[in-house]
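The values are calculated or read from the model by the stated rules, or taken from the named source; none is laboratory data. Computed from a predicted structure; not experimentally measured. Here the Cβ is made from the backbone with ideal geometry for all residues, glycine too, and neighbour counts use every protein chain on show. Accessible surface is based on the protein model in full, side chains and every heavy atom, while ligands, DNA and RNA are left aside. Shrake-Rupley method; radii C 1.70, N 1.55, O 1.52, S 1.80 Å.
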Amino acid sequence: MARRYDPDRRQRIIDAAIRVVERRGLDGLSHRSVAAEADVPLGSTTYHFATLDDLLVATLRQVCVEPPTAVEDWRRHLDSEGPLADRLAALLDELMAGDRARMRVEYELYLAALRREALKPVAAEWLDAAVAVLRDYTDEQATAHALIALLDGLLLQLLLTGRPFDRAGAREALARVIG
């Protein structure tokens, strides 16, 4: 049997992994479940990603660079006029107004780095990039770190509780950190 040329297969596998995590969580992710979702042979998933950690690393990398999660995309809000707390609250508002299921996937993959050593460098890269972007708008590195911690905490709480986003409350908390 001739081998079929399929240059997009690796990307389709990553996209399928995102959909599997979105529907079933990390516990539902396996080479087999991703192969079925991507409609590719099981051997294709293991060819492109020898281990599940390899697949998770590629998946986390992708969700970290896609808008609106991509920290460089945040500059649309941060470069606008007004106090930084208002601009960050607008960013949070946009993130939470979007696809919460997708945001849950992003956080589930990000937090998986707590137990999966292979994911820690990718999570750290995202964190460092986020701090670097905010550092351009704050007076010091410590403030940028504190803002990222607050943003992460607010997003995680909203995802866990399903509550509506309180823009005014978030703005007040952000303003206190900014000083």
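Restricting attention to segment 143-158 and to residues that are surrounded by 12 or more Cβ atoms within 10 Å (Cβ to Cβ) and free of Cβ contacts under 8 Å to residues at least 12 places away in the same chain, the residue that is nearest to Glu94 (Cα to Cα) turns out to be Asp152. Here Thr161 fits the description: of a type in the set (Val, Ile, Thr), more than 18 Å from Glu72 (Cα to Cα) and open to solvent by 20 Å² or more (accessible area, probe 1.4 Å). Does any residue of segment 109-118 turn out to be within 13 Å of the chain's Cα centre (by Cα) and either over 24 Å from Asp53 (Cβ atoms) or open to solvent by 20 Å² or more (accessible area, probe 1.4 Å) (or both)? Yes, because at least one residue in segment 109-118 is within 13 Å of the chain's Cα centre (by Cα) and either over 24 Å from Asp53 (Cβ atoms) or open to solvent by 20 Å² or more (accessible area, probe 1.4 Å) (or both). Helices (runs of 4 or more DSSP H) fully within segment 79-179 that include at least 2 residues being among the small types (Gly, Ala, Ser): 84-97, 120-135, 141-161, 167-178.
When Gly98 is tested against the conditions (1) among the small types (Gly, Ala, Ser); (2) surrounded by fewer than 16 Cβ atoms within 10 Å (Cβ to Cβ); (3) farther than 23 Å from Ala173 by Cα, the lone failure is (3). Determine which member of the set Asp15, Asp27 is in a helix (DSSP H, G or I), out of contact with any helix residue (DSSP H, G or I) (no Cβ under 9 Å at 6 or more places or on another chain) and open to solvent by 20 Å² or more (accessible area, probe 1.4 Å). Result of the check over Asp15, Asp27: Asp27. Only one of the numbered conditions (1) open to solvent by less than 10 Å² (accessible area, probe 1.4 Å); (2) without any contact (Cβ under 8 Å) to a residue 40 or more places away in the chain; (3) under 14 Å from the mean Cα position of the chain (by Cα) is violated by Ala70, and that is (1). Being among the polar types (S, T, N, Q), over 13 Å from the mean Cα position of the chain (by Cα) and modelled with pLDDT under 95 is a property that does not hold for Ser30. Report every pair of residues separated by at least 6 positions or lying on different chains whose Cβ atoms are under 8 Å apart, first residue within segment 32-47 and without any contact (Cβ under 8 Å) to a residue 60 or more places away in the chain and within 17 Å of Asp15 (Cβ to Cβ), second in a helix (DSSP H, G or I) and of a type in the set (Asp, Glu). Taking only residues 6 or more apart or on different chains, the pairs are Ala38/Asp15. Here Leu56 does not fit the description of being open to solvent by less than 10 Å² (accessible area, probe 1.4 Å), modelled with pLDDT under 95 and not β-branched (Val, Ile, Thr).
The condition (being of a type in the set (A, V, I, L, M, F, W, C), in contact with a Phe, Trp or Tyr (Cβ under 6 Å, 6 or more places away or on another chain) and crowded, with 18+ Cβ neighbours inside 10 Å) is satisfied by just one residue among Ala90, Ala130, Ala123, Ala85: Ala123.
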